[in-house]
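Written below as structure tokens is the structure these notes are about.
Just so you know, all these numbers are worked out from the coordinates, no wet-lab data involved. Quantities reported herein were computed from a predicted structural model and do not represent experimental measurements. Cβ coordinates were reconstructed from backbone atoms using ideal geometry, including for glycine residues, and neighbour counts include every protein chain displayed.
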Amino acid sequence: GGLLYTSGVRDLAELCGAHWLIDLVASHQLDPKARAEEFQVWRLKVADDHTAVATMDDGNGRVVITQQIEFTDFPLDEITLYLTDGVLLLPGEY
């Protein structure tokens, strides 16, 4: 099945034109290293030159996945999302 996400994540994707961010998290679920983590913390950090880095850690700060992004127009400097029980959510929704 596909990745489930909350209305907060849906609204973020709509407002920020960032459905690609949901796709990024979903695509990494094919990686056994990601699937092995029941709780995932996804962070997107955007640099001034519009490049970005997406990381996933295990909730204890151990980075499991890092992906460089060559260009993004994501409007925030940084965003954090949680993935747990197959649902992507904002930290405030946890």
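Measuring between their Cα centroids, the range 64-94 and the range 37-51 lie 5 Å from each other. Listed peptides 66-78, 30-42 appear in the order 30-42, 66-78 once ranked by packing, highest mean of other Cβ atoms within 10 Å at the front. Other residues with beta-carbon under 14 Å from the beta-carbon of ARG35 carry, at +1 per Lys or Arg and -1 per Asp or Glu, a net charge of -4. Stretching LYS33 away from SER7 to a fully extended chain increases their span by 6.7 nm, per 0.36 nm per residue minus the current alpha-carbon distance.
Taking the Cβ of THR55 as the centre, find all other residues whose Cβ is under 15 Å away and add up their charges (Lys, Arg: +1; Asp, Glu: -1).
Its environment carries a net charge of -2.
Just checking my list (1) 84; (2) 95; (3) 107 against volume of the Cα convex hull per residue in Å³ computed from this structure; which label fits? Given (1) 84; (2) 95; (3) 107, the calculated one carries the label (2). Placing a pseudo-label 7 Å from each Cα along the Cα-to-Cβ vector at VAL63 and LEU76 gives an inter-label distance of 2.0 nm.
Nearest 500 deg cm²/dmol is fine: what mean residue ellipticity at 222 nm does the chain get from its DSSP H runs of n ≥ 4 alone, each adding -39,500 (n - 2.57), divided by its residue count?
Working: 3 runs with 24 residues, N = 94.
Computed ellipticity for the chain at 222 nm equals -7000 deg cm²/dmol.
As a length-normalised measure over Cα pairs under 8 Å and 6 or more apart, the relative contact order of the range 6-55 settles at 18 percent.
Please report the net charge: other residues with Cβ closer than 11 Å to the Cβ of GLY86, K and R +1, D and E -1. Before the final figure, lay out each step's value.
Numbers: positive: ARG35; negative: GLU38, ASP85.
It works out to a net charge of -1.
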